[in-house]
1. Residues in region 62-71: is at least one within 12 Å of residue 16 (Cα to Cα) and not charged (D, E, K, R)?
2. Please find, within region 72-92, the residue that is nearest to residue 41 (Cα to Cα) out of those that are surrounded by fewer than 20 Cβ atoms within 10 Å (Cβ to Cβ) and among the aromatic types (Phe, Trp, Tyr).
3. Which of the residues spanning region 34-57 are at pLDDT 90 or above and either hydroxyl-bearing (Ser, Thr, Tyr) or in contact with a Cys (Cβ under 9 Å, 6 or more places away or on another chain) (or both)?
4. In this structure, does residue 88 turn out to be within 14 Å of residue 16 (Cα to Cα) and charged (D, E, K, R)?
5. Check off (1) more than 12 Å from the chain's Cα centre (by Cα); (2) at pLDDT below 85; (3) open to solvent by less than 60 Å² (accessible area, probe 1.4 Å) for residue 31 and give me the number that stays unchecked.
Amino acid sequence: HICARILRHLMPLLTFIARVQDGMLLVASVDRPGSDTDDTEVYKQQAKHILKTLDIGAPSKCSIDSGPYVFHYSIEEQCICYLTMSEKSYPK
């Protein structure tokens, strides 16, 4: 159905929740068709790398471009990071 295809492009494709202190992944969700492809693994590794490099001095909100996608993260109370990856057209 065409509406389902349009909505799929308007949703976050990857969502991670992690501790800022050590980058420990608490929750992971990947919502992409064919999410076991090599490019999905590349983006998952990029997300994990972002989480590992954060510390309490990091900006509380940030967007990071990555090819056709963008990672958006928000750090709450300097301890939990919510990170999503979406198409660049997805609103912040």
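1. Checked against the condition, which is being within 12 Å of residue 16 (Cα to Cα) and not charged (D, E, K, R), region 62-71 yields at least one hit.
2. Residue satisfying both the conditions and the ranking: 82.
3. Within region 34-57, 43, 50, 51, 53, 54 meet the criteria.
4. no
5. (1)
The values are calculated or read from the model by the stated rules, or taken from the named source; none is laboratory data. Computed from a predicted structure; not experimentally measured. For neighbour counting, all protein chains shown are included, and Cβ atoms are generated from backbone atoms with ideal geometry for every residue, glycine included. Note: accessible area is taken over every heavy atom of the protein model, side chains too, but ligands, DNA and RNA are not part of it. Shrake-Rupley method; radii C 1.70, N 1.55, O 1.52, S 1.80 Å.
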